[in-house]
2 protein chains.
Amino acid sequence: MGTPRAERADAARNRQLLLATAREMVAEQGVENVTMDALADRAALGKGTVFRRFGTRAGIFHALLDDDERAFQERALSGPPPLGPGAGPVERLVAYGQARIGFLLEHYDIARAALDGSQPAPAGEGTISRVHIRMLLGQASLGAADLDMLAVQLTAALEGPFLLYLSASDPADAARHTGRMAQSWQDLVQRICRT
Amino acid sequence: MGTPRAERADAARNRQLLLATAREMVAEQGVENVTMDALADRAALGKGTVFRRFGTRAGIFHALLDDDERAFQERALSGPPPLGPGAGPVERLVAYGQARIGFLLEHYDIARAALDGSQPAPAGEGTISRVHIRMLLGQASLGAADLDMLAVQLTAALEGPFLLYLSASDPADAARHTGRMAQSWQDLVQRICRT
DNA sequence: CCAATAAACGGACTTCACCCCGCTTAGTAT
DNA sequence: ATACTAAGCGGGGTGAAGTCCGTTTATTGG
């Protein structure tokens, strides 16, 4: 009763199939050519199925990105310092931001496609970055600031330049600014966290 | 030769008509019911005309928002302190953020509709906020940081919580967090700008 | 193994953003 | 005035997202 019944086996299989197929299509033809019809056709499934599984076009890319983020999260949570535990919280914050910038650059188009002006929170409430940053802020001993909101602001400051401000042009353009973004992130974090 | 020839009179008239009509429709039926067809019909113009004028659906809302922002910008540039000139730069930064939060809340749905996963930078390079924040940062005497990038980060930290993180649910939900956002913005700015 | 049932499936259908291109008209030069 | 031309206009056409509902199938309890 509490459990809303697990996903049926065929459904799970199809989800995997669709994800794999989508990844192929992205690699071969670029994000913009992954249409719901084409994806359904290539996976030899009905269009209805695709929508049932992912709800929306953006949903597919969101799922794809989630996959990729799992490995990244692993490194941040239990990898070697300064990204993983073992370094001080501020040092880890800096390292996290720099790693995240690299990650976003690497997955630029999928991340962009996962965005969508519609209902579900684009990089929503439960983002990896927000949670991780919140955790590290808790370890740095700042004054009695509103750490939850600060985490949201910092996440925006970190990812915004990509998702909001540099999204106009192509990845190459974003790549050109990567160095400055990383440096500036370090400055920002250190300014905020100095006692 | 340098001037690409001014907009024709009838074109300008139609632009105004469309803007006014769009505003009516937003007021009466909400943003999501403003379709290009409906707008064209109601303004008694062809659909092609609408696209010629605004390029894209988001373009309409962008234009609408620009209008509203003009008044806001006026206050920030030459209104009474602490928002306008006369107060110190840090004080003005704080005031700007708080005013901007109010503005965004007030224009929530249009701002959201002006966004769009496509080419033109959503809140792009030339945003009012970015430019204004950049200016004030220049007046605060910070160390030799990368002020341009810092301005981008701060803009994201200010507007991101709306456009990126709270966009999931309805305005009422965002309104509930407004106070915390304003307070947190103040903290953030003061942390960054303290010598 | 069999019946029952809730989930999954497929694909036609609807709705909309955006494109295209032949026709019309405002501005301008003679 | 008149003729010329570039800008503007209209609205049918296209492609893709998302919905609906009748049909099929995995799962579970007997």
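The values are calculated or read from the model by the stated rules, or taken from the named source; none is laboratory data. A quick note: this is a predicted structure, and the numbers were derived from the prediction, not measured. Here the Cβ positions follow ideal geometry from the backbone for every residue, glycine too, while neighbour counts run over all protein chains shown. Just so you know, the surface numbers come from the protein's heavy atoms only, side chains and all, with ligands and any DNA or RNA stripped out. Shrake-Rupley method; radii C 1.70, N 1.55, O 1.52, S 1.80 Å.
Assorted remarks:
- Qualifying position, being open to solvent by 40 Å² or more (accessible area, probe 1.4 Å), within 16 Å of DNA strand D (Cβ to nearest atom) and over 28 Å from residue B:160 (Cβ atoms), among A:8, A:57: A:8
- Residue match in the stretch B:55-70 (condition: assigned by TED's automatic domain parsing to the domain that holds residue B:154 and touching a His at 6+ places or on another chain (Cβ under 8 Å)): yes
- Residue-level check: of (1) at pLDDT below 85; (2) facing chain A (nearest Cβ under 7 Å), residue B:145 misses just (1).
- Residues being outside any helix (DSSP H, G or I) and surrounded by fewer than 17 Cβ atoms within 10 Å (Cβ to Cβ) - total across the stretch A:80-107: 7
So that you can scan it fast, the table gives a plain yes or no per residue for (1) within 14 Å of DNA strand C (Cβ to nearest atom); (2) away from chain A (no Cβ under 14 Å):
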site: B:47; (1), (2): yes, yes
site: B:50; (1), (2): yes, yes
site: B:53; (1), (2): yes, yes
site: B:60; (1), (2): yes, no
site: B:63; (1), (2): yes, yes
site: B:73; (1), (2): no, yes
site: B:83; (1), (2): no, yes
site: B:90; (1), (2): no, no
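- Test: residue in the stretch A:127-134 that is within 9 Å of chain B (Cβ to nearest Cβ) and modelled with pLDDT of 80 or more: yes
- If the condition is being away from chain B (no Cβ under 14 Å), open to solvent by less than 70 Å² (accessible area, probe 1.4 Å) and more than 8 Å from DNA strand D (Cβ to nearest atom), then the stretch A:18-38 contributes A:18, A:19, A:20, A:21, A:22, A:25, A:26, A:30.
- Selection within the stretch A:173-191 - open to solvent by less than 50 Å² (accessible area, probe 1.4 Å) and modelled with pLDDT under 85: A:173, A:174, A:175
- The residue of the stretch B:33-85 that is farthest from residue B:115 (Cα to Cα), among those that are within 19 Å of the chain's Cα centre (by Cα) and acidic (Asp, Glu), is B:74.
- Residue B:96 fulfils the conditions (1) of a type in the set (Phe, Trp, Tyr); (2) farther than 28 Å from residue B:191 by Cβ; (3) away from DNA strand D (no atom under 16 Å from the Cβ) except for a single criterion, (2).
- Residue B:50 being within 26 Å of residue B:179 (Cα to Cα) and β-branched (Val, Ile, Thr): no
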